[in-house]
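Worksheet for the structure shown next.
The values are calculated or read from the model by the stated rules, or taken from the named source; none is laboratory data. Since the structure is predicted, the reported quantities are computational estimates derived from the model, not experimental observations. Cβ placement follows ideal geometry from the backbone for every residue including glycine, while neighbour counts extend to all protein chains displayed. Remember, those area values only see protein heavy atoms, side chains included, never the ligands or the DNA or RNA. Shrake-Rupley method; radii C 1.70, N 1.55, O 1.52, S 1.80 Å.
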Amino acid sequence: MAYQELISADKCLAGCGVFVELDGIELAVFRLAEPEQIVVIDNSCPHASGNLSGGCVEGTVVACPWHDWKFDLLTGVCTHSAAARVGRYPAEVRQGQVWVDLAG
């Protein structure tokens, strides 16, 4: 696995998304409270390219701010249809920094 440093974990507040671009890929980073973890997904909603990092988070689900499509942050799967999903990347916190594996 080829992890890359992404963002300071301090910038990730529980229940909020943070937009980050790495190697030309637009990502949304979330800190979940329960279960406590950092989640990194593709930022673009597959429906109409809405900015998922700007969406509302409820539990482990983020809602696209454009048309309210909802995605489970633990799996990347849309709650409306399993056929729709966003890419989800392995992430971990090391010494206060979020690291992500874009190949994973």
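Summing Lys and Arg as +1 and Asp and Glu as -1 over all other residues whose Cβ lies under 15 Å from the Cβ of SER49 gives a net charge of -3.
Among residues other than ALA28 whose Cβ falls under 12 Å from its Cβ, what is the net charge (Lys/Arg +1, Asp/Glu -1)? Numbers along the way, then the final one.
Values: positive: ARG31, ARG88; negative: GLU21, GLU26, ASP42.
With Lys, Arg at +1 and Asp, Glu at -1, the neighbours total -1.
Dipole size of the chain about its Cα centre, with +1 on Lys/Arg Cβ and -1 on Asp/Glu Cβ: approximately 120 debye, rounded to the nearest 20.
Suppose every K and R has +1 on its Cβ and every D and E has -1 on its Cβ; what is the size of the dipole of the range 56-104 about the Cα centre, in Debye to the nearest 20? Present the calculation step by step, with values, prior to reporting the outcome.
Values: 4 positive and 5 negative charges, 17 e Å.
Computed charge dipole of the range 56-104: roughly 80 debye.
Cβ under 13 Å from TRP99's Cβ, TRP99 left aside: what net charge do those residues give with Lys, Arg +1 and Asp, Glu -1? So the surrounding residues net to -2. What residues from the range 79-100 fall in the zone where the backbone N is under 14 Å from a label point 7 Å along the Cα-to-C-beta line of GLN37? Answer for this model: 88-93. In this view, the solvent-accessible surface of HIS47, computed with a 1.4 Å probe and all protein chains in place, comes to about 80 Å².
Relative contact order of the chain, taken over Cα pairs closer than 8 Å and 6 or more residues apart, is 28 percent. The computed mean projected area of the Cα convex hull in nm² for the structure shown corresponds, within (i) 7.4; (ii) 7.8; (iii) 6.0, to (iii).
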